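Q: Please find one structure pasted underneath; my questions will follow.
The values are calculated or read from the model by the stated rules, or taken from the named source; none is laboratory data. Predicted model only: the values in this text are computed from it and were never measured. In this analysis, Cβ positions are derived from the backbone assuming ideal geometry, glycine residues included, and neighbour counts consider all displayed protein chains.
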Amino acid sequence: MAIKDNMAQMYTERAKQYSDDYSKAVMWSQDSQYALFGQLVNAFDLNSPRLSLLDLGCGNGELYKYLNFRGYRGEYTGIDITQILLDQATARFPNVEFINQDILTEACVKRYNYVCMSGLFNLNVGQDTEWVKRFVSRAFEFTEDVLTFNAISTYVNYKQPEIFYINPLEMMVFCIENLSPRCTLTHHNFPYHYSIAVYRYTDWRRI
């Protein structure tokens, strides 16, 4: 509970400070945020209107705006635990479903073709790597086809106490051994960040 409360408090304070800058409200510049979005959604088919996407840790819905730029035509749902960010998202996109939900304590009632988590683990709010693994495992329960997420690598020149660093090799091995043997790790497109895609497909001919 402390992790959830710390995260919600940190983002609530930030959202109040930057109510007119949606990227800064979630501690990004828009250029950096969109670059990381691009890495994550490259694993998705954005052209089919039959597909659904869940944005876990959706914040104020900036990924939905980015997906529109990319021509995404499927269903979008955002989940977050910070109500002020969800209120901003609903005000921006009133026809989109945004939900206040803690997936670690609430059961999965629906699966989505794609589940995306961007920046969800970056702040040091008292978590450890085991908590991250548990969260990724729960997120995979919501995933019909592909789960993507990013994190800040331990392969850095220096570390800041407010940032949470996760060993990419440890996370990759965890995903392969516990979620699916079909995973990809991208560690070269954005400084100090990496992204992982986990595929649920069992029929190799669907690729």
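Q: Just to be sure before I move on: is T12 at pLDDT below 95 and either buried (at least 19 other Cβ atoms within 10 Å of the Cβ) or part of a loop (DSSP other than H, G, I, E, B) (or both) in the structure I sent?
A: Judged against the criteria, T12 is not a match.
Q: Within the range 174-193, how many residues turn out to be out of contact with any strand residue (DSSP E or B) (no Cβ under 6 Å at 6 or more places or on another chain), surrounded by 13 or more Cβ atoms within 10 Å (Cβ to Cβ) and under 18 Å from V132 (Cα atoms)?
A: Counting residues in the range 174-193 that are out of contact with any strand residue (DSSP E or B) (no Cβ under 6 Å at 6 or more places or on another chain), surrounded by 13 or more Cβ atoms within 10 Å (Cβ to Cβ) and under 18 Å from V132 (Cα atoms) gives 1.
Q: I'd like to check something: does the range 24-32 contain any residue that is of a type in the set (S, T, Y), part of a loop (DSSP other than H, G, I, E, B), out of contact with any helix residue (DSSP H, G or I) (no Cβ under 6 Å at 6 or more places or on another chain) and at pLDDT 85 or above? Write out each step before concluding.
A: Pass one, the range 24-32, residues of a type in the set (S, T, Y): 29, 32.
Subset that is part of a loop (DSSP other than H, G, I, E, B): 29.
Within this subset, residues satisfying the condition of being out of contact with any helix residue (DSSP H, G or I) (no Cβ under 6 Å at 6 or more places or on another chain) are 29.
Add one more test, that the residue is at pLDDT 85 or above, and what stays is none.
No, the range 24-32 has no match at all.
Q: Further, regarding this structure: Within the range 73-83, can you find the residues that are assigned to a loop (DSSP other than H, G, I, E, B) and within 17 Å of the chain's Cα centre (by Cα)?
A: I81, T82
Q: Follow-up. Take N60 and decide whether it is assigned to a loop (DSSP other than H, G, I, E, B) and within 15 Å of N95 (Cα to Cα).
A: Yes; evaluated as a whole, the condition is true for this residue.
Q: Further question on the same structure: Just for strands (runs of 3 or more DSSP E) wholly inside the range 84-184: which have at least 3 residues that are touching a residue at least 60 places away in the same chain (Cβ under 8 Å) and touching a Leu at 6+ places or on another chain (Cβ under 6 Å)?
A: Working: elements: 97-100, 112-117, 143-153.
Because the criterion is at least 3 residues that are touching a residue at least 60 places away in the same chain (Cβ under 8 Å) and touching a Leu at 6+ places or on another chain (Cβ under 6 Å), the strands (runs of 3 or more DSSP E) in the range 84-184 that meet it are 112-117.
Q: While we're on this one: Please verify whether E141 is modelled with pLDDT of 95 or more and either under 17 Å from C175 (Cβ atoms) or over 12 Å from the mean Cα position of the chain (by Cα) (or both), treating the condition exactly as stated.
A: Considered against the rule, which asks whether it is modelled with pLDDT of 95 or more and either under 17 Å from C175 (Cβ atoms) or over 12 Å from the mean Cα position of the chain (by Cα) (or both), E141 comes out as yes.
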